[in-house]
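A short worksheet on the structure shown next.
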Amino acid sequence: MDDAEETLPDRVDVESCTVDIPVEARSMPRFDRPLAATCREARLLNDNPWVRSLGKLTLDITTEGWRFPTPTDPPPAPPKSVPARTQSPVAEPPPERVNSDALHRLRPPRDTIVFKERLLYLLQPPLENVFGGRQVTVPFKPYPYQMEGIAFLMPRHAAILADEMGLGKTVQTILALRLMFHTAMIRNVLLVCPKPLVNNWMRELRTWAADLPFEVISGDLAARRFAWTASKCPLKLVNYELLTRDVEFVNDETVRFDVVVLDEAQRIKNKESKTAQVVRSLQRDRSWALTGTPIENSTEDLVNLFAFVDEGRIPAETPAKRLPALIGDTILRRVKEDVMKDMPPKTIRDVTLELTPAQKEAYQLAEKEGVIHLNELGATITVQHVFELVMRLKQICNFDPRTGQSAKLEQLVADMAEVAASNRKAIVFSQWVEPLVRIAEALEEFGPLQFHGRISQRERQEVLDRFQKDPNCHVILMSYATGSVGLNLQFSNYVFLFDRWWNPAIEDQAINRAHRIGQKSPVFVTRFIAQDTIEGRIAEVLEKKRELFNELVAQNQPPARLGMTEEEIFGLFDIPARPRTARAA
């Protein structure tokens with residue numbers, strides 16, 4: 001091994017050592033003294049006031065004003081007459097006083113709990129004073145029942161005005177909206193109506209609310225986008241078709257309305273339709289619906305209507321007998337017999353006519369072959385098969401398909417001669433356009449005008465104006481689908497139902513084109529029924545459906561039964577319903 005290398009020792013020795021650290025404890029004088037608890041009085045609780053001042057407070061007071069139309073001044077009291085000393089003949093009766101109970105004031109719904117709203121309604125003057133003042137002028141004073149309708153609509157966020165056709169739902173709605181604009185209760189409104197009624201609403205708005213600006217949403221895509229999203233016009237008017245088409249603009253988060261009004265609201269009775277879905281998607285604070293037929297077929301129509309008016313008011317699977325209690329404070333319906341005691345009467349007569357020989361032969365053959373075909377279908381038969389036969393037989397009741405003979409047309413020509421001789425006007429309704437074209441040819445001497453789906457929208461208003469003003473035009477021919485709603489034809493005194501519609505509510509709407517406010521003369525309604533045919537059996541069905549409507553809506557009672565069963569439909573031809581299809585139609 002090299003000498004430079006280190007060598008490690010083979011053993012390490014470890015020695016122990018003891019370290020002693022002295023510890024000394026000393027006392028501190030401050031802790032040697034005894035502890036004494038002391039208590040002193042707080043000045044906060046002895047001095048008045050015993051709250052700490054925060055300095056000078058500045059109170060900001062804000063007030064909110066509600067503008068009301070100025071009521072009319074009370075009439076001056078009549079001068080008191082000095083009684084004569086001599087005996088007077090007969091004392092004059094005291095001046096007539098206005099019955100305060102007959103005045104119409106806004107009455108909030110039962111579920112209104114917001115104090116501000118109740119106070120607002122309490123401070124409103126009677127409507128009679130409002131329309132008698134200078135701020136709100138009207139062409140003529142509304143009827144008392146219309147005052148009631150206005151007082152019903154204004155306080156409600158959810159309302160259905162279901163007055164019978166002809167009582168002026170349009171006027172009541174316009175005046176209610178106008179007063180709400182005047183009192184700053186609302187700032188923007190959307191009014192939705194069928195396309196044929198846009199001109200009617202424009203005319204009524206100019207008549208009853210000349211001081212209320214409005215615009216009709218129409219034109220190309222860019223114009224409609226601006227109207228929906230940028231226009232500041234307080235009242236917008238749109239038809240159902242454009243509303244459905246403009247769903248993208250309608251659902252914009254900036255598009256919101258204080259009130260949305262649906263005219264002819266039965267358009268949304270089908271809850272799953274696109275129109276109903278778009279209407280329910282509208283952002284709004286109040287939902288009003290106008291319809292003379294809240295129930296057209298069954299109570300489901302009314303339930304679907306409330307899906308827009310007040311969603312959640314009617315729980316799912318609610319029995320029909322519970323509906324009146326749930327909707328009583330939200331729906332208002334009046335009929336002519338209740339509110340228009342002085343209105344000219346309406347006379348309805350059913351004229352039963354025997355088919356011409358050619359018609360009778362064609363009818364019997366069609367019915368015989370049709371029933372045989374239905375029976376041959378066996379278990380595959382459906383209600384649609386029965387309806388197809390019904391439509392075929394009804395068309396033969398109008399005109400013979402081979403010769404064109406018509407017992408109804410012969411009677412209509414004779415009746416129209418009397419109408420024209422008395423210088424009156426008449427409306428003729430049919431389910432189809434083809435019969436109207438044939439009728440127009442037969443009534444050429446009476447200046448017939450046509451109003452149906454083949455007449456363009458641009459020409460329709462011209463047709464109505466001519467019918468009203470031209471003394472040589474004694475008759476207008478209308479289809480139920482086009483002329484049964486929204487038209488004011490109170491200058492006509494005669495209505496002819498050339499054939500019967502399946503739904504009685506549609507028939508009533510057609511009749512009420514003439515029997516409505518402004519009518520000065522009695523209205524005569526003639527319903528043609530072919531003897532010993534399907535039309536007589538359909539007439540019985542219509543009466544049963546009319547009873548359903550009256551029981552639930554007019555009398556506020558649950559209906560005896562809802563809709564028609566397939567057994568009843570098959571019974572039109574004495575065909576038993578198949579077991580698998582015996583359910584409610």
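Summary of values
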read-out	value
Rounded Å value of the spacing that divides the Cα centres of the stretch 260-294 and the stretch 173-195	16 Å
R0 of 25 Å, Cβ-Cβ distance T254-L122: FRET efficiency to nearest 0.05	0.10
FRET efficiency, 1/(1 + (r/R0)^6) with R0 51 Å, evaluated for R245 and T403 via beta carbons	0.65
Label point distance in nm, M28-A421, each placed 7 Å from Cα along Cα→Cβ	13.2 nm
Centroid-to-centroid separation of the stretch 446-475 and the stretch 320-379 [C-alpha atoms, Å]	27 Å
Extension gain, A366 back to D220 (0.36 nm per residue minus Cα-Cα distance, nm)	47.6 nm
Relative packing of peptides 246-258, 283-295 - highest average C-beta neighbours within 10 Å first	283-295, 246-258
Pair R454, E300: separation of 7 Å Cα→Cβ label points (nm)	3.5 nm
Gain on full stretching of the segment that runs from A184 to R280 - 0.36 nm per residue minus C-alpha separation	32.0 nm
Amide H within-cut-off set for T356, under 5 Å, with H built and near neighbours excluded	A407
Using θ = phi - 60° and Karplus 6.51 cos²θ - 1.76 cosθ + 1.60, couplings along the stretch 491-504 (whole Hz; Gly, Pro as x)	7, 9, 10, 10, 10, 10, 9, 4, 9, 9, 7, 5, 9, x
Relative contact order computed over the stretch 125-227 (Cα-Cα under 8 Å; 6+ residues apart), in percent	25 percent
Cα-projected label distance for V437 with E311, points at 7 Å along beta-carbon direction, nm	4.5 nm
Measure of compaction for the stretch 103-339 (Cα Rg per 2.2 N^0.38 Å)	0.99
Amide H partners (placed H, <5 Å) of I160, local residues excluded	A289, I331, L332
Rg over Rh [alpha-carbon atoms, Kirkwood Rh] for the stretch 481-541	1.01
Amide H partners (placed H, <5 Å) of V475, local residues excluded	A426, L449
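The numbers here are math on the coordinates, done by the rules we state, and not lab data. Note that the coordinates shown come from a computational prediction; the quantities given were computed from them, not determined experimentally. FYI the Cβ positions are ideal-geometry reconstructions off the backbone, even for glycines, and counts take in every protein chain you see.
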